[in-house]
Amino acid sequence: MRFDIFTLFPEVLKPYLQTSILQRAQQRGLIEVHLHNIRDYATDKHRITDDEPYGGGGGMVMKPEPIFAAVESVLGSPPVCPVILLTPQGRVFNHQIAQHYATYPAVALICGRYEGIDERVREHLVTDELSIGDYVLSGGELPALVVLDAVSRFLPGVLGDPEGALDDSFASGLLEYPHYTRPAEFRGWKVPEVLLSGDHARIARWRREQALLRTWQRRPDLLERANLSQEDLAFLERLRTMEARTKEDQDEV
Ligand code: SAM
C-alpha cells in the first residue's frame, strides 16, 4: 500500500518511519511512504505557504495553492486515491476506519499547521477528515503517523505474528486481556497461576474472561456491539450480579 504524506515538516516523520515494524514493512515492500514538502510547491520567491486570515484574528492560515499543486502534481487531478485531511474537526479515527482504509491501494494524508488550512482545500480537494481525538496538537504530522501506523497493521505480512493482531484491543470488539512475561514473580507480585499451567483451554477461557472484565470496567460501550457467546453473556451476568451485591452490602453498612 502506498502512503503520500503532504507536510511542511517531513523531517518530523522520518525517525518514526525508520523504526521497527514500519521500517520492516517498507523494506519488504509491503508499504511505500512518500513524504512531500508542501513548501517545494510554493512558486513565489520566498516559497510562502501561509498567510494572514481574511477577517483578521491571530495566527496564520496555510495557503491553498501550494497544497493543491503538491497533491495534484503527485496524484493527478482529481487525485487517484482518498485524500485525508488530519484535523481536530474530523470524525474520530478508530479501528474500523483504519481497517477500511487498509483496503485501498493508496491514500494521501495532508498535515495542517498554524491555525489550519484554507477552507477551499477541505471543500474541493479533501475526501475525508480525520481527528485522532478531542484535543488540539500543533500539527498534523503525529496524527498522520497514527493513521499510517494503524492502517499498516491491517496489511498482510506487516505484523510478525498475524495471530497477535486478532487479539489486539478492538479487533474482537473487546479490549485485550492483560499480558505477563518472565519472571514468574517480581517483587512478590506473581503471574496468575493459570498462565503457567500449560492448560491451553483454561488459558483461553481466562483470557476471554479478562477481556470481558476489562471491557466491562473500562469501555462498557464496546460490549453493546461486541460479538458475544452465551458463555460470555453468562460471565457478564455474573459480574453484574456481583456488582449489585457489593453495592447492597455497602448500602447496608
Ligand atoms: N485552529 C484549528 C482548530 O481549532 O480546529 C486547529 C489547528 S492545529 C493548531 C494545527 C493542525 O494540527 C491542524 O490543521 C491539523 O492538521 C493538526 N491537528 C491538531 N490537532 C489534531 C487532532 N486532534 N487530530 C488531527 N489533526 C490535528
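Observations on the structure shown:
- Qualifying position, being surrounded by 11 or more Cβ atoms within 10 Å (Cβ to Cβ), touching a residue at least 24 places away in the same chain (Cβ under 8 Å) and within 30 Å of LEU109 (Cβ to Cβ), among LEU174, LEU212: LEU174
- With respect to the conditions (1) under 28 Å from ASP168 (Cα atoms); (2) in contact (Cβ under 8 Å) with a residue 60 or more places away in the chain; (3) hydroxyl-bearing (Ser, Thr, Tyr), THR103 falls short on a single one, namely (2).
- Within region 184-202, the set of residues being closer than 21 Å to GLU231 by Cα and assigned to a loop (DSSP other than H, G, I, E, B) comprises just one member, ASP199.
- Members of region 1-55 that are open to solvent by 30 Å² or more (accessible area, probe 1.4 Å), within 20 Å of PRO66 (Cβ to Cβ) and in a strand (DSSP E or B): HIS34, LEU35, ASN37, ASP50, ASP51
- Tally of residues being within 6 Å of the ligand (Cβ to nearest atom) and either open to solvent by 70 Å² or more (accessible area, probe 1.4 Å) or outside the structural domain of MET60 (by TED's automatic domain parsing) (or both) across region 134-157: 4
- Residue in region 215-245 that is farthest from LEU175 (Cα to Cα), counting only those that are open to solvent by 70 Å² or more (accessible area, probe 1.4 Å), in a helix (DSSP H, G or I) and among the polar types (S, T, N, Q): GLN230
Condition check ((1) under 29 Å from ASP232 (Cα atoms); (2) free of Cβ contacts under 8 Å to residues at least 40 places away in the same chain; (3) within 16 Å of the ligand (Cβ to nearest atom)) across all residues:
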site: LEU109; (1), (2), (3): no, no, yes
site: ARG122; (1), (2), (3): no, yes, yes
site: ILE132; (1), (2), (3): no, no, yes
site: PRO162; (1), (2), (3): yes, yes, no
site: ALA165; (1), (2), (3): yes, yes, no
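- Some residue of region 122-133 being open to solvent by 90 Å² or more (accessible area, probe 1.4 Å) and within 22 Å of GLN26 (Cα to Cα): no
- The sole residue among LEU109, LEU130 that is under 26 Å from LEU175 (Cβ atoms), among the hydrophobic types (A, V, I, L, M, F, W, C) and either modelled with pLDDT of 95 or more or not assigned by TED's automatic domain parsing to the domain that holds PRO66 (or both) is LEU130.
- Selection count where residues are over 26 Å from the mean Cα position of the chain (by Cα) and either open to solvent by less than 60 Å² (accessible area, probe 1.4 Å) or outside the structural domain of VAL33 (by TED's automatic domain parsing) (or both), scope region 69-87: 2
The values are calculated or read from the model by the stated rules, or taken from the named source; none is laboratory data. Please read all numbers here as calculations on a predicted model, not as lab measurements. Cβ: placed from backbone, ideal geometry, glycine included. Neighbour counts: every protein chain shown. Heads up: the accessible areas ignore ligands, DNA and RNA and are worked out on the full protein's heavy atoms, side chains in. Shrake-Rupley method; radii C 1.70, N 1.55, O 1.52, S 1.80 Å.
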